[in-house]
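The structure appears right after this line, and notes come after that.
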Amino acid sequence: MIEVKNLVKRYGSHTAVDHLSFTVEKGQIYGFLGPNGAGKSTTMNIMTGYLAPTEGEVRINGIDLLEEPDEAKKYIGYLPEMPPLYPEMTVWEYMEFCAELKKIPRKKRREEILSAMELTKLEDRKNSLIRNLSKGYKQRVGLAQAVLGLPEIIILDEPTVGLDPMQIIEIRDLIRSLAKNHTILLSSHILSEVSAVCDKIMIISQGKLVANDTPQRLEQTMKGVATLNLEIRADKKAVQRQLQSIRGIRHLSVKEGEEEGTVFVTIEEEGEEDIREALFYACANAKMPILSMQSVKATLEDVFLELTSETKKEDQRVEESPQEASPEEFKETEAMEEEEDVRDL
Ligand code: ADP
Ligand code: MG
């Protein structure tokens, strides 16, 4: 079990990890999800003892990582974002080298290396030079050193980045098979990656934890928030006055429509109740014709975008790969800024 409490990491004036707290329970797969620059690698480097935090505490099975790093690190296998592979070594030589670093007793070494290679399906590449391996196999070597000695907790930083779809499926299967006997924490900036294998998702944005739940519950929470988009022929003030009294509206925004004399209304619904009929009668009674009405349900993808998009713009200054942001996301942000009349009900 891992307990992270109030973890902070500052690089100069930039806060890469901002008071993160969470626990990782035994025997589950945890996904650390967030856009590039969110602070995933920094957090993982701290949790594995490779980087000192500015503030905060990490306990591995009750052992304080900062006070007893060697003892705490025994429980952890780590695949960093860029694993330090030695291209001139064969796979076997590299694994022996890692076994020595991990202080695996000499007598057990052969057996442990063989079992790590079996798990990662590397047996047939035992004598290949690492330099000559494909990207997928190199990644497996990185994984093999992480699982070597069968540590209780395995931490994988973007384990499928740069792999082709077939290799991604293989690595996913491998991760699932490891989960039978290990606790796994993996990171990714791709939602589908995490929702496909993880029992729990922690969404991190600008160094902060913005969600921590099962994929199903995250989706459900957001599904509760259905959005209605309406085009109404009326003026803004009248629409606001009429719709104000309707129950079940969490948030209402009204802006000028494309056509003159029309408005575009976005309504966030509250609870399960269907308010479409109430909207219809309210508008009809007030002689405000509804020109169109659409119901939009949130997906897990929306949860992720919503939770991570607000901080995105600010992060541009320090963002290393701004191309990761989807165009829709920016469109949405711009549209929101144009809005003149937004009220919270
Ligand atoms: P992620 O793994 O989620 O993409 P990182 O943990 O690598 O994010 O980075 C978090 C933030 O910290 C980014 O804004 C990044 O630019 C910054 N950062 C990471 N490492 C350093 C460093 N050694 N010096 C200065 N800034 C850094
Ligand atoms: Mg990273």
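The values are calculated or read from the model by the stated rules, or taken from the named source; none is laboratory data. Treat the numbers as computed from the prediction; the structure is a model and nothing was measured. We place every Cβ from the backbone using ideal geometry, glycine too, and count neighbours over all the protein chains shown. Ligands, DNA and RNA are excluded from the accessible area calculation, which covers all protein heavy atoms including side chains. Shrake-Rupley method; radii C 1.70, N 1.55, O 1.52, S 1.80 Å.
A few notes on this one:
- When Lys107, Lys103 are checked against the criterion of being in a loop (DSSP other than H, G, I, E, B) and either away from ligand 2 (no atom under 16 Å from the Cβ) or not hydroxyl-bearing (Ser, Thr, Tyr) (or both), Lys103 stands alone in meeting it.
- Of all residues in region 130-154 being closer than 23 Å to Leu185 by Cβ and of a type in the set (S, T, N, Q), the one that is nearest to the chain's Cα centre (by Cα): Gln139
- Failed condition for Asn127, given (1) open to solvent by 50 Å² or more (accessible area, probe 1.4 Å); (2) under 19 Å from Ile184 (Cα atoms); (3) among the polar types (S, T, N, Q): (2)
- Pro35 meets the conditions (1) open to solvent by less than 20 Å² (accessible area, probe 1.4 Å); (2) touching a strand residue (DSSP E or B) at 6+ places or on another chain (Cβ under 6 Å) in every case but one. The failed one is (2).
- In region 265-311, the qualifying residues are those that are open to solvent by 100 Å² or more (accessible area, probe 1.4 Å) and among the polar types (S, T, N, Q), and the one that is nearest to Lys200 (Cα to Cα) is Gln294.
- Residue selected from region 160-170 under the condition within 16 Å of ligand 1 (Cβ to nearest atom) and at pLDDT below 85, by the criterion nearest to the chain's Cα centre (by Cα): Val161
- Applying a threshold of 8 Å to beta carbon distances and a minimum spacing of six or more residues, or different chains, the list of pairs starting in region 88-99 at a residue that is among the aromatic types (Phe, Trp, Tyr) and ending at one that is open to solvent by less than 20 Å² (accessible area, probe 1.4 Å) reads Trp92/Ile113; Tyr94/Ile130; Tyr94/Val141.
- Subset tally (residues that are open to solvent by 20 Å² or more (accessible area, probe 1.4 Å) and either in a helix (DSSP H, G or I) or of a type outside the set (D, E, K, R) (or both)) for region 142-160: 3
- Pick from region 58-72, criterion without any contact (Cβ under 8 Å) to a residue 40 or more places away in the chain and buried (at least 19 other Cβ atoms within 10 Å of the Cβ), ranking: nearest to ligand 1 (Cβ to nearest atom): Leu65
- Enumeration of residues in region 161-203 that are under 18 Å from Pro80 (Cα atoms), within 16 Å of ligand 2 (Cβ to nearest atom) and open to solvent by less than 10 Å² (accessible area, probe 1.4 Å): Leu185, Leu186, Ser187, Ser188, Val194
- Every residue from region 41-50 that is open to solvent by less than 10 Å² (accessible area, probe 1.4 Å) and either within 6 Å of ligand 1 (Cβ to nearest atom) or of a type in the set (A, V, I, L, M, F, W, C) (or both): Met44, Ile46, Met47
- Of all residues making up region 32-91, the number that are within 18 Å of Met202 (Cα to Cα) and of a type in the set (A, V, I, L, M, F, W, C): 7
- The number of residues in region 242-252 being surrounded by fewer than 18 Cβ atoms within 10 Å (Cβ to Cβ) and more than 14 Å from Tyr281 (Cα to Cα) comes to 3.
- The strands (runs of 3 or more DSSP E) found entirely in region 171-266 that carry 1 or more residues being in contact (Cβ under 8 Å) with a residue 60 or more places away in the chain, touching an Asp or Glu at 6+ places or on another chain (Cβ under 8 Å) and within 16 Å of ligand 1 (Cβ to nearest atom) are 183-188, 200-205, 208-213.
- You will find that of Ile203, Ile249, the residue that is touching a Leu at 6+ places or on another chain (Cβ under 6 Å), within 27 Å of Thr160 (Cβ to Cβ) and of a type in the set (A, V, I, L, M) is Ile203 and no other.
- When each of Glu55, Glu3, Glu81, Glu96 is tested for being modelled with pLDDT of 95 or more, at negative phi and either of a type in the set (A, V, I, L, M) or within 16 Å of ligand 1 (Cβ to nearest atom) (or both), the lone residue that passes is Glu55.
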